[in-house]
1. Which residue is nearest to the ligand (Cβ to nearest atom), if the candidates are limited to the stretch 198-232 and must be of a type in the set (Ser, Thr, Tyr) and closer than 20 Å to Leu254 by Cα?
2. How many residues are open to solvent by 10 Å² or more (accessible area, probe 1.4 Å), over 20 Å from Glu151 (Cα atoms) and either in a helix (DSSP H, G or I) or near the ligand (Cβ under 10 Å from one of its atoms) (or both) if we restrict to the stretch 103-130?
3. When only residues in the stretch 132-157 that are of a type in the set (A, V, I, L, M) and within 14 Å of the ligand (Cβ to nearest atom) count, which is nearest to Gly257 (Cα to Cα)?
4. State which residue is farthest from the chain's Cα centre (by Cα) when the search covers only the stretch 145-158 and only residues that are over 18 Å from Arg327 (Cβ atoms) and open to solvent by less than 20 Å² (accessible area, probe 1.4 Å).
5. When the residues of the stretch 331-359 are narrowed to those that are open to solvent by less than 10 Å² (accessible area, probe 1.4 Å) and in contact with a helix residue (DSSP H, G or I) (Cβ under 7 Å, 6 or more places away or on another chain), which ends up nearest to the ligand (Cβ to nearest atom)?
6. Can you find a residue that is assigned to a helix (DSSP H, G or I) and out of contact with any helix residue (DSSP H, G or I) (no Cβ under 6 Å at 6 or more places or on another chain) anywhere in the stretch 141-151?
7. Can you pull out the residues in the stretch 393-416 that are open to solvent by less than 10 Å² (accessible area, probe 1.4 Å) and assigned to a loop (DSSP other than H, G, I, E, B)?
8. What is the residue count in the stretch 252-282 for residues that are exposed (fewer than 15 other Cβ atoms within 10 Å of the Cβ) and on the phi < 0 side of the Ramachandran plot?
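The values are calculated or read from the model by the stated rules, or taken from the named source; none is laboratory data. Since the structure is predicted, the reported quantities are computational estimates derived from the model, not experimental observations. Neighbour counts run over all protein chains shown; Cβ positions are idealised from the backbone, glycine included. The accessibility values were calculated without ligands, DNA or RNA, using every heavy atom of the protein model including side chains. Shrake-Rupley method; radii C 1.70, N 1.55, O 1.52, S 1.80 Å.
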Amino acid sequence: MNICVVGTGYVGLVTGAVFADLGNDVVCVDNDTVKISDLEAGRMPIYEPGLEEMVARNVADGRLTFTTDLTGTVRRSVIVFMTVGTPPKSDGQADLTAVEDVARGIAQAMERYTVVVNKSTVPVGTGDFVREVIERHQAAPVPFDVVSNPEFLREGSAIEDTLRPDRIVIGAPTQQVAMTLLELYAPLERPMIITDVPSAEMIKYASNAFLSTKISFINAIANICELAGADVTQVMKGMGLDPRIGSAFLSAGLGYGGSCFPKDTDSLVHTAATLGYDFALLRAVVDVNRDRAGHFVDLIVKALGPLDGRVIAVLGLAFKPNTDDMREAKSVEVVDRLLELGATVRVYDPVAMDHARKTLPDTVLYCESPYEAAGGADAVALVTEWNEFKFLNLERLRGVMRRPVVFDGRNLWEPERMRRLGFEYYSIGRKPVLPS
Ligand code: NAD
């Protein structure tokens with residue numbers, strides 16, 4: 001099948017590569033000329049395990065190409081996927097400028113029946129909006145349909161998630177249109193939900209809002225555990241074994257970040273309000289999450305005293321492990337706050353350092369290893385739970401630090417082990433390990 005994917009970012013590039021791998025003829029379009037020439041030269045604009053190999057294989061086999069030419073690509077395609085960004089506006093609503101631009105471009109290019117599939121995360125009702133934009137900008141009426149096919153991939157396991165999704169949601173105006181997408185996805189042999197367009201759009205937001213709620217719920221419980229002397233990791237285990245609850249997304253820590261949960265929760269609160277419903281529950285979820293970085297820095301200040309002149313090593317910068325994505329990363333809030341309080345901040349991340357250089361203030365010091373970052377430091381603050389950190393040589397780490405104080409924002413290490421190793425250790429929702 002001839003497929004066009006517009007917006008060659010995390011979602012578009014992975015989607016394009018996987019569809020090509022399934023034997024389709026895929027052209028990925030982007031209006032970022034640097035990104036397209038990088039891809040044409042075989043350079044990946046993002047880090048994603050397995051992506052480079054998959055892209056290279058399909059480019060070599062001639063099934064995957066890259067271009068800035070939207071018009072030509074739309075004309076040769078049966079299905080056009082929209083995978084452009086939908087960033088938040090200052091009031092929380094999703095900015096649909098890129099979706100509208102692409103819809104206009106598709107309208108002007110279209111010469112025969114085309115299925116326009118929206119894969120970006122967009123508020124309920126956007127399907128109608130896209131239909132209206134296309135109708136308005138067509139030079140002559142050409143039939144088309146608009147489908148919602150929300151994406152559930154997770155950065156860090158995007159290829160695996162796209163090849164083996166839990167479910168494929170297809171919101172289509174008719175069964176016949178849904179069949180086109182069914183045919184495309186059939187080789188994956190995964191569960192499919194065929195529904196109407198607004199319900200498909202809502203499934204995506206409801207899913208992200210629910211997962212965010214689980215995270216904020218356990219973080220609120222962690223706050224109570226800290227006050228009551230209980231251990232949130234035990235509480236989480238005891239809750240998670242109930243199959244009605246489940247342990248996924250029930251780990252206390254610094255809260256959710258990244259390019260999806262923060263903006264999607266804000267957007268759903270906004271959409272609900274526009275429709276006349278005050279989503280107070282979700283507003284509380286957002287509030288709990290907003291307090292996490294401040295709570296962590298308060299913990300540091302309480303333990304160390306004034307930070308003026310202190311050296312803090314921040315381990316982990318990406319918003320979560322296995323990605324280089326710094327969007328809405330908790331590290332940004334933590335580092336900003338530590339600098340504001342006068343600390344010297346040294347940082348290390350296994351893959352996000354290049355992106356971090358564009359995001360963090362210039363005064364941050366970048367280090368080649370966790371041990372270099374911790375060298376002479378008054379404390380280590382663990383922000384992203386990379387596997388590499390789980391298996392650190394903690395004795396070596398303690399040996400290079402000025403003071404063996406660790407703040408663990410993700411409950412990566414065991415308090416008992418940290419005690420044995422001679423650390424003063426603070427984590428989330430658990431009793432601290434104090435110097436004896
Ligand atoms: P991204 O920023 O990585 O990629 C978007 C791409 O679209 C960029 O390369 C940008 O240059 C391009 N673009 C913007 N305007 C364009 C235009 N007018 N014409 C052509 N290209 C244009 O974004 P992403 O993370 O891939 O997210 C895309 C959408 O998918 C968002 O709605 C997001 O919420 C959703 N989503 C993201 C993830 C994720 O983990 N990143 C997961 C599920 C859903």
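1. Applying the first criterion (of a type in the set (Ser, Thr, Tyr)) to the stretch 198-232 yields 199, 205, 207, 212-213, 216.
Still in the running and closer than 20 Å to Leu254 by Cα: 212-213, 216.
On the way: Ser212: 13, Thr213: 18, Ser216: 19 Å.
Going through the qualifying residues, I end up with Ser212.
2. 3
3. We begin by selecting, within the stretch 132-157, every residue of a type in the set (A, V, I, L, M); these are 133-134, 139-140, 142, 146-147, 153.
Among the residues that remain, those that are also within 14 Å of the ligand (Cβ to nearest atom) are: 133, 153.
Working: Val133: 32, Leu153: 15 Å.
Taking the candidates together, the pick is Leu153.
4. The qualifying residue farthest from the chain's Cα centre (by Cα) is Val146.
5. Ranking the candidates gives Asp349 first.
6. No: the stretch 141-151 contains no residue that is assigned to a helix (DSSP H, G or I) and out of contact with any helix residue (DSSP H, G or I) (no Cβ under 6 Å at 6 or more places or on another chain).
7. Listed by number, the residues that qualify are Gly409, Trp413.
8. Adding up the residues that qualify gives 6.
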